[in-house]
Amino acid sequence: MRRYNTYSICLIFMLSISVFIIGTQYIDNIIYLTSTERWKSIKVIIKVEDGDDSYVQEIPIKFYHTVNYSATNKEDIHTITNENQSQDLTVTNNASTLTHKQTHLATDLENILDKARSDIRRQLSNYNLSYSGAHTLEDLVMESEGSPIRTLVISSWRSGSTFLGDLVNSIPSNYYHYEPLLMYGTKQIRSPNDATEALSIVKRMFKCNFEGLDEYFEFESKDLSLFSHSTRLWDYCKDDKTNDLCFNAQFISRMCKLFPFQSMKLVRLRLRLVDEILNDKELNVKVILLMRDPRGLMQSRRHRRFCELSSDCWEPSLVCADMVSDYVAARSIMQRYPGRLLVIRFEDLALKPDVTTQQILDFMRVDGRKAFDEFLKSHTNMEVAGVHSTFKVTRNIPLKWKYTLDYNYVADLQIACKEAMRLWGYKMAYNETHMMSNEFNPVEDYSISK
């Protein structure tokens, strides 16, 4: 007769208790796993003694799983039920049946959303809604069938886009979609075929639909600091010890729909590919194209580890070909979508901040002068270390390349970028003396011919 040794019995008993505790810890007797691969690989192995023989044997445990769409974990959470459980532990997977814990969570989420609504109204108590073409706040809020002011910033790496993105985000009650295409790596999306998925992500986020963006959430989960740029969302989920709220598509979708202003920054998608976004009348997106002198651009990219690994980042011919392409695309968009594109240069933003920021506000139709002034005062008069820091003495940045780059490198760069520099109003340096001279101003006026 077969007998189970004492060790095996204890092991089974401990395993049963553990499973029961795990189940009751979350929702009554439901066990949650964050990956289908994990539940498929579950096995229970015991040691069996049969007379003088002993061997290991797998106990047959079969699991069924269903997706719990009301869950708050980072990935789809699968509910599993063991056929071998007693009748008392059988779980009915009914999405309409809320347990006490689910009810408590739902209440917490509603309280958070209510607080966000109150905060938005308080922040905009003195806001001039008519400046944005609205009579009431509800006219700009998706939750109440309104249409928010949406702004898309397009640029490239080390062009000052983080500074501009944070500047726009300083507008009260603005929801910031920070670099949703980060998961594409150091790559420029230049062809329509490559842009299909990227454009879908952009459009869905601008419509506050985060369902199904598993790859996006997976990437963001590796570095929570990425969420901190989206300050309004981060304000409500940063204290969540499990970090579940930041990855809850349903919660983020609802939160996003509360805000009257939305902005997004992209450095991986070229301007000529945004027609699909501009054609979407529901979105009514306005685009800001940010350009920078290729010499300042390359000076800032040098010795950046992320840039050294991609020719899209360090190869002057590719960089300046994109600048020429952006010029052509800007000219075309201005003809076909009047009033939907604003082009600014980083040098103008840094050296003439008051004039340039007012152009941005007028273009966006946003009453944000006070917010912009406070941002500029706090971010442009002090240095804070960090590659992505936006606390800079900005007046010192645009011409830094003149005094740090070797002229031989500049000369080669200017040859590769001759056409791009001509179109965007950047003057050539003829020799090292000329380049480093205080009288040499490399920035001149330009126009985008229609």
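The values are calculated or read from the model by the stated rules, or taken from the named source; none is laboratory data. Small disclaimer: the values here were computed from a predicted structure and weren't measured. A quick note on method: Cβ atoms are made from the backbone with ideal geometry, for glycine too, and the neighbour counts reach across all protein chains shown.
At-a-glance table
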item	result
Residue count for region 246-277, restricted to those that are farther than 15 Å from Ala329 by Cβ and either part of a helix (DSSP H, G or I) or of a type outside the set (Phe, Trp, Tyr) (or both)	20
Test set (1) without any contact (Cβ under 8 Å) to a residue 40 or more places away in the chain; (2) crowded, with 22+ Cβ neighbours inside 10 Å - Met291 fails condition number	(1)
Residues satisfying the stated conditions in region 207-239, i.e. surrounded by fewer than 16 Cβ atoms within 10 Å (Cβ to Cβ) and assigned to a loop (DSSP other than H, G, I, E, B)	Asn209, Glu211, Gly212, Ser221, Lys222, Asp223, Leu224, Lys238, Asp239
Thr162 vs. criteria hydroxyl-bearing (Ser, Thr, Tyr), out of contact with any Lys or Arg (no Cβ under 7 Å at 6 or more places or on another chain), in a helix (DSSP H, G or I) and surrounded by 14 or more Cβ atoms within 10 Å (Cβ to Cβ)	yes
Test result for Phe247, farther than 23 Å from Arg158 by Cα, touching a Lys or Arg at 6+ places or on another chain (Cβ under 7 Å), at pLDDT below 90 and surrounded by fewer than 21 Cβ atoms within 10 Å (Cβ to Cβ)	no
Lone unmet requirement of (1) under 30 Å from Ser310 (Cβ atoms); (2) aromatic (Phe, Trp, Tyr); (3) in contact with a Ser or Thr (Cβ under 9 Å, 6 or more places away or on another chain) for Tyr127	(1)
Qualifying residue in region 358-368 (condition: within 22 Å of Pro442 (Cβ to Cβ) and part of a helix (DSSP H, G or I))	yes
Subset of region 302-340 (residues that are among the aromatic types (Phe, Trp, Tyr) and either over 30 Å from Phe363 (Cα atoms) or surrounded by fewer than 17 Cβ atoms within 10 Å (Cβ to Cβ) (or both))	Phe306, Trp314, Tyr337
Given (1) out of contact with any Gly (no Cβ under 8 Å at 6 or more places or on another chain); (2) assigned to a helix (DSSP H, G or I); (3) not β-branched (Val, Ile, Thr), index of the condition His303 fails	(2)
Check on Ile360, of a type outside the set (D, E, K, R), out of contact with any His (no Cβ under 8 Å at 6 or more places or on another chain) and modelled with pLDDT of 95 or more	yes
Any chance Asp326 is touching a residue at least 40 places away in the same chain (Cβ under 8 Å) and assigned by TED's automatic domain parsing to the domain that holds Arg158	yes
Residue in region 152-164 that is over 23 Å from Val343 (Cα atoms), in the same structural domain as Arg301 (by TED's automatic domain parsing) and more than 15 Å from the chain's Cα centre (by Cα) present	no
From Leu109, Leu140, residue being under 26 Å from Ser221 (Cβ atoms), crowded, with 16+ Cβ neighbours inside 10 Å, of a type outside the set (Val, Ile, Thr) and modelled with pLDDT of 70 or more	Leu109
Residues of region 252-294 satisfying the condition of being farther than 20 Å from Gly368 by Cα, charged (D, E, K, R) and within 15 Å of the chain's Cα centre (by Cα)	Arg268
Condition met for Asp76 (more than 30 Å from Phe206 (Cβ to Cβ), acidic (Asp, Glu) and at pLDDT below 70)	no
Arg204 over 25 Å from Glu374 (Cβ atoms), surrounded by fewer than 22 Cβ atoms within 10 Å (Cβ to Cβ), of a type outside the set (A, V, I, L, M) and at pLDDT 95 or above	yes
Some residue of region 348-356 being at pLDDT below 95, surrounded by 18 or more Cβ atoms within 10 Å (Cβ to Cβ), under 26 Å from the mean Cα position of the chain (by Cα) and over 22 Å from Ser263 (Cα atoms)	no
Qualifying residue in region 289-299 (condition: outside any helix (DSSP H, G or I), within 29 Å of Leu109 (Cα to Cα), in the same structural domain as Gly133 (by TED's automatic domain parsing) and of a type outside the set (Ser, Thr, Tyr))	no
